[in-house]
Amino acid sequence: MKIKIKKNTNKEDFINWPIWECEKSQFDWEYKDEEHCYIIAGYIIVTYNQQNIIIKKGDYVIFPKGLKCNWKVLEPIKKHYMFK
């Protein structure tokens, strides 16, 4: 189970997806479904399996179904997202 991060994606693919925002915070999360998201703004560190993954503005991220992780939002986050 691995988080995938892509760069240089076509923004037209997800421009109509819902938007989620979160202020600076830290919380545990478990993905019931696979989530695809594009980071519009912000900076976070997601920790899982003793790995720290840095996610920031411009990243297209795929979180796998069943992933248990901890989010540390260092700069307020804003993202387009879709569960698949």
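The values are calculated or read from the model by the stated rules, or taken from the named source; none is laboratory data. The model shown is predicted, which means the values in this text are computed figures rather than measured ones. Positions of Cβ are generated from backbone atoms using ideal geometry, with glycine treated the same way; all protein chains shown enter the neighbour counts. Areas reflect the complete protein model, heavy atoms only, side chains present, ligands, DNA and RNA absent. Shrake-Rupley method; radii C 1.70, N 1.55, O 1.52, S 1.80 Å.
If you check I45, I19 for being of a type in the set (A, V, I, L, M, F, W, C) and free of Cβ contacts under 8 Å to residues at least 60 places away in the same chain, only one passes: I45.
Applying the set (1) open to solvent by 90 Å² or more (accessible area, probe 1.4 Å); (2) not in a loop (DSSP other than H, G, I, E, B) to A41 leaves exactly one unmet item: (1).
Among the residues in the stretch 6-21, are any in contact with a Lys or Arg (Cβ under 6 Å, 6 or more places away or on another chain), open to solvent by 90 Å² or more (accessible area, probe 1.4 Å) and not small (G, A, S)? Checked against the condition, which is being in contact with a Lys or Arg (Cβ under 6 Å, 6 or more places away or on another chain), open to solvent by 90 Å² or more (accessible area, probe 1.4 Å) and not small (G, A, S), the stretch 6-21 yields at least one hit. Can you pull out the residues in the stretch 1-38 that are in a strand (DSSP E or B) and polar (S, T, N, Q)? Of everything in the stretch 1-38, those that are in a strand (DSSP E or B) and polar (S, T, N, Q) turn out to be S25, Q26.
Per the listing V46, V61, the residue uniquely touching a His at 6+ places or on another chain (Cβ under 9 Å) and either assigned to a strand (DSSP E or B) or open to solvent by 100 Å² or more (accessible area, probe 1.4 Å) (or both) is V61.
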